[in-house]
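The values are calculated or read from the model by the stated rules, or taken from the named source; none is laboratory data. If you're wondering where the values come from, they're calculated on a predicted model, not measured in any experiment. No Cβ is skipped: glycine too gets one built from the backbone with ideal geometry, and neighbour counts run over all protein chains shown.
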Amino acid sequence: MNPDRHTQFLIRKEKILQVAEKLLLENNQEMTLDELVAELDIAKGTLYKHFRSKNELLLELIIQNEKEILKISENYNTDVKEYAPRYMLYHLTSPSRTILLHQLEEHLTMTESKLKHLFDELYAIRQQRIISLKEMTEKYLKSQNYDMSIRDYLSYIWSLTYGAALLLNSSYYQRSIGSREKLINLYVNQALSLPTQKVQIDLKDFQMDQP
């Protein structure tokens with residue numbers, strides 16, 4: 001493939017992913033390949049030159065997003081107070097996309113067994129992100145005198161972010177949210193506000209009786 005054709009190939013692949021994401025967001029995570037090629041005005045054979053199946057396309061969409069998150073981690077990996085807001089805002093400025101990609105990944109993890117190479121690529125990118133944040137996060141946790149693993153702290157930020165995305169995307173809570181900006185700031189500050197005095201909770205004391 002000559003350079004010009006290769007560039008065109010990559011541009012078309014990017015366009016396919018963009019339109020696929022748009023259709024998924026517009027149609028409550030539902031999309032057929034027939035709908036996709038109709039929207040793109042291309043032949044289905046052209047689509048299959050880029051993606052051999054719908055699941056492969058969806059995983060590529062998730063991987064593309066993960067690469068964008070990695071860029072944030074590599075560009076702002078010296079100060080948690082710089083990194084956390086950028087990471088969280090990336091997700092919270094488009095909460096529907098955040099929810100979509102997470103739920104697609106959960107579904108594919110449970111149902112797709114033939115795309116191990118793409119799952120391996122996805123997990124390798126995430127591991128690279130953790131490595132890029134290791135020194136910064138370790139320094140921050142020590143400064144807070146907080147005994148938590150780097151992976152657990154980054155998972156904590158993710159759980160706050162995803163919870164905020166669910167709230168911001170909820171049609172029910174839209175009616176009661178006062179200021180989206182204030183709410184997002186609250187979540188960001190929560191991610192950076194680790195309590196200096198930790199309370200040890202015995203989870204067994206809070207388990208519900210099993211039927």
- Query: When residues of region 24-43 are filtered for being part of a helix (DSSP H, G or I) and more than 15 Å from Thr98 (Cα to Cα), how many remain?
  - Reply: 8
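Residue-wise test of (1) in a helix (DSSP H, G or I); (2) in contact with a Lys or Arg (Cβ under 9 Å, 6 or more places away or on another chain); (3) crowded, with 17+ Cβ neighbours inside 10 Å.
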| position | (1), (2), (3) |
| --- | --- |
| Glu82 | yes, no, no |
| Thr109 | yes, no, no |
| His117 | yes, no, no |
| Ala124 | yes, no, no |
| Gln127 | yes, no, no |
| Glu138 | yes, no, no |
| Leu141 | yes, no, yes |
| Tyr146 | no, yes, no |
| Thr161 | yes, no, yes |
- List pairs: first in region 122-146 and assigned by TED's automatic domain parsing to the domain that holds Ile157, second outside any helix (DSSP H, G or I) and at pLDDT 95 or above, Cβ under 8 Å, 6+ apart or cross-chain? Ser132/Asn77; Leu133/Asn77; Glu135/Asn77; Met136/Asn77; Met136/Thr78; Met136/Asp79
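Checking the structure you have, find out if any residue of region 80-88 is under 19 Å from the mean Cα position of the chain (by Cα) and either over 18 Å from Trp158 (Cα atoms) or at pLDDT below 95 (or both). Steps first, answer last, please.
Within region 80-88, the subset under 19 Å from the mean Cα position of the chain (by Cα) is 80, 82-88.
Those left that are additionally either over 18 Å from Trp158 (Cα atoms) or at pLDDT below 95 (or both): none.
Looking through region 80-88, none of the residues is under 19 Å from the mean Cα position of the chain (by Cα) and either over 18 Å from Trp158 (Cα atoms) or at pLDDT below 95 (or both).
Can you work out which of the residues in region 149-198 that are among the basic types (Lys, Arg) and over 23 Å from Arg126 (Cα atoms) is nearest to the chain's Cα centre (by Cα)? Reasoning before the result, please.
Of region 149-198, the ones among the basic types (Lys, Arg) are 151, 175, 180, 182, 198.
If we keep only those that are over 23 Å from Arg126 (Cα atoms) as well, we get 175, 180, 182, 198.
Working: Arg175: 26, Arg180: 20, Lys182: 22, Lys198: 29 Å.
Ranking the candidates gives Arg180 first.
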- Message: Among the residues of region 44-56, what is the count of those that are assigned to a helix (DSSP H, G or I), surrounded by 15 or more Cβ atoms within 10 Å (Cβ to Cβ) and free of Cβ contacts under 8 Å to residues at least 40 places away in the same chain?
- Response: 1
- Of the conditions (1) modelled with pLDDT of 90 or more; (2) in a helix (DSSP H, G or I); (3) of a type outside the set (D, E, K, R); (4) out of contact with any Leu (no Cβ under 8 Å at 6 or more places or on another chain), the single one that Tyr172 does not satisfy is (1)
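Against the condition closer than 28 Å to Asn189 by Cα and assigned by TED's automatic domain parsing to the domain that holds Thr137, how does His91 come out, does it pass? Before you say what the answer is, go through the steps one by one.
On the way: closer than 28 Å to Asn189 by Cα: yes; assigned by TED's automatic domain parsing to the domain that holds Thr137: yes.
Yes.
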- When residues of region 1-16 are limited to those that are in contact with a Phe, Trp or Tyr (Cβ under 9 Å, 6 or more places away or on another chain) and not basic (Lys, Arg), the one surrounded by the fewest Cβ atoms within 10 Å (Cβ to Cβ): Met1
